[in-house]
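Read the structure below first, then the notes.
The values are calculated or read from the model by the stated rules, or taken from the named source; none is laboratory data. The model shown is predicted, which means the values in this text are computed figures rather than measured ones. Note: ideal-geometry Cβ built from the backbone for every residue, glycine included; neighbour counts use all protein chains shown.
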Amino acid sequence: MCRSRTCCCPLDTAGEWYLDTATGTLYYKPLTGQDMSEADVEVPKLESLIGVGGSYASPATHIAFSGLQFSGTSWLDPTAHGYASQQTGAYISGTWDRPSGALTSCQSGCPLFEATRPHWDQMPSAVQFSAADHIAFTGNRFTELGQSGLGIGNDAGAHTTGVGLGADTITATGNVFTQDAGGGIVVGGLQEDAHHPSDSRMTNQNIGGAPSKTVHGRVVGASMWPRDSAALRPPGRCPRAAWPRFDSAPAP
């Protein structure tokens, strides 16, 4: 049983665990027959494995990844700030006032809530590409990640390089996504430059690929893009929508 200010309930099911960050203690109820002396216990601290991005004037270019496995990340921001999820790795950050008369004004649509969309943030992916062109991912495995696997041309805040969007001619072919906390691939951004770019060079375009496979979560989440082109064929073996056409509404 773990006892702390935030956890006072017993771990009553095999496989359950709790990390007490105050004491650095991990509580775990072993699976039947599991020998803890041989258990592989990992607590990820890295928030990304690869972050590639140049500038809009000089993008990163012609890089290929094939036959690799990407594993072992976590996303630590919710620990300090919480996580108000809005699907596909988007979340509300900061403090927002409750819409006045919400019980009536939000019965069918909620304009004040919708107006916050361009200010939402995005979960950073384990592997991130922005301000880049001619990048290929073929036959890789994205597994045991604490966020989405592959982020292509997301908002600047979701990239370790600090440069967002600007993805051109990116292909993802035959990759596997499994046991990832945030799904497979997230393309595009949410904030103003994603749908009304201040520089034409930051526009995402020519994002393509062939079927990928996921065991849970969605394979592809596409956000708001202006005048871009997407050539993704439907991914295979998807337990959820592969191309969420209406995940992000037009800019208010």
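If G164 satisfies all but one of (1) at pLDDT 90 or above; (2) in contact with a Leu (Cβ under 8 Å, 6 or more places away or on another chain), what's the number of the condition it fails? Only one criterion in (1) at pLDDT 90 or above; (2) in contact with a Leu (Cβ under 8 Å, 6 or more places away or on another chain) is unmet by G164, namely (2).
Against the test of being surrounded by fewer than 20 Cβ atoms within 10 Å (Cβ to Cβ) and hydrophobic (A, V, I, L, M, F, W, C), the options F113, F129, F142 yield a single qualifying residue, F113. No other residue among T95, T88, T61 is closer than 30 Å to L165 by Cα and part of a strand (DSSP E or B) apart from T61. Scan the range 152-174 for residues that are assigned to a loop (DSSP other than H, G, I, E, B), in contact with a helix residue (DSSP H, G or I) (Cβ under 9 Å, 6 or more places away or on another chain), of a type outside the set (D, E, K, R) and surrounded by 17 or more Cβ atoms within 10 Å (Cβ to Cβ) and the total you get is 6.
All of A158, A181, A172 fail the test of being more than 22 Å from P118 (Cβ to Cβ), of a type in the set (A, V, I, L, M) and within 10 Å of the chain's Cα centre (by Cα), apart from A181. Is there a residue in the range 66-76 that is assigned to a strand (DSSP E or B) and among the hydrophobic types (A, V, I, L, M, F, W, C)? Yes, there is a match, as at least one residue in the range 66-76 is assigned to a strand (DSSP E or B) and among the hydrophobic types (A, V, I, L, M, F, W, C).
Of the residues making up the range 9-47, those that are polar (S, T, N, Q) and without any contact (Cβ under 8 Å) to a residue 40 or more places away in the chain are T13, T23, T25, T32, Q34, S37.
Taking (1) surrounded by 19 or more Cβ atoms within 10 Å (Cβ to Cβ); (2) over 13 Å from the mean Cα position of the chain (by Cα); (3) at pLDDT 85 or above in turn, Q122 satisfies each apart from (2). Y56 fulfils the conditions (1) within 19 Å of G189 (Cβ to Cβ); (2) touching a strand residue (DSSP E or B) at 6+ places or on another chain (Cβ under 6 Å); (3) touching a residue at least 40 places away in the same chain (Cβ under 8 Å) except for a single criterion, (2). The residues of the range 192-227 that are part of a loop (DSSP other than H, G, I, E, B), touching a Gly at 6+ places or on another chain (Cβ under 8 Å) and either at pLDDT 60 or above or not aliphatic (A, V, I, L, M) (or both), listed by number, are T203, N204, P211, S212, G217, R218, S223, W225. So is D133 among the acidic types (D, E) and under 25 Å from N206 (Cα atoms) or not? When the stated conditions are applied, D133 passes them. The residue that is modelled with the lowest pLDDT, among those in the range 1-30 that are exposed (fewer than 10 other Cβ atoms within 10 Å of the Cβ) and not hydroxyl-bearing (S, T, Y), is R5.
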